[in-house]
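The values are calculated or read from the model by the stated rules, or taken from the named source; none is laboratory data. Please read these numbers as outputs of a predicted model, since none were measured by experiment. Virtual Cβ from ideal backbone geometry, glycine too; neighbours counted across all protein chains shown.
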Amino acid sequence: WDNADFSRGVGTTFYQEFSTLNTAKPPFVRDVEAKVRRYMRSSYSAAWTLKITWEKAPAYSSRTDNRKTITYQAVLTTDGFRSYILMLYQDGGMQWDYTRLTATNVLIGYT
């Protein structure tokens, strides 16, 4: 995610924290739990979840072109013992023109 460039005032980053240890769970957290259960094939009940959204993020360097932007999210969640991350990208995947980026070994996700 270090190839996003917000220096020109294009795009926004925001987050929302959900502490659900002893409270009712909003639909978003229930959806995260369902995804973890489905992908990991195990029971899961979130105690804490953090949603980070990068909205309309231009690629580095935005000085050259900030018209192609991408919206993506990282969702971190834990039950206090196990932790997971969901990485969500807008429909259509990465919209940046990777041939114009400084680095050409671009990945969606992490290793």
- Pick from region 27-50, criterion among the basic types (Lys, Arg) and farther than 17 Å from TYR89 by Cα, ranking: surrounded by the fewest Cβ atoms within 10 Å (Cβ to Cβ): ARG41
- Checked pairs for region 19-30, first part of a loop (DSSP other than H, G, I, E, B), second surrounded by 10 or more Cβ atoms within 10 Å (Cβ to Cβ), C-beta under 6 Å and 6 or more apart or across chains, list as THR20/VAL29; THR20/ALA46; LEU21/ALA47
- Task: Please verify whether region 7-26 includes one or more residues that are of a type outside the set (S, T, N, Q), surrounded by 11 or more Cβ atoms within 10 Å (Cβ to Cβ) and modelled with pLDDT under 85.
- Result: yes
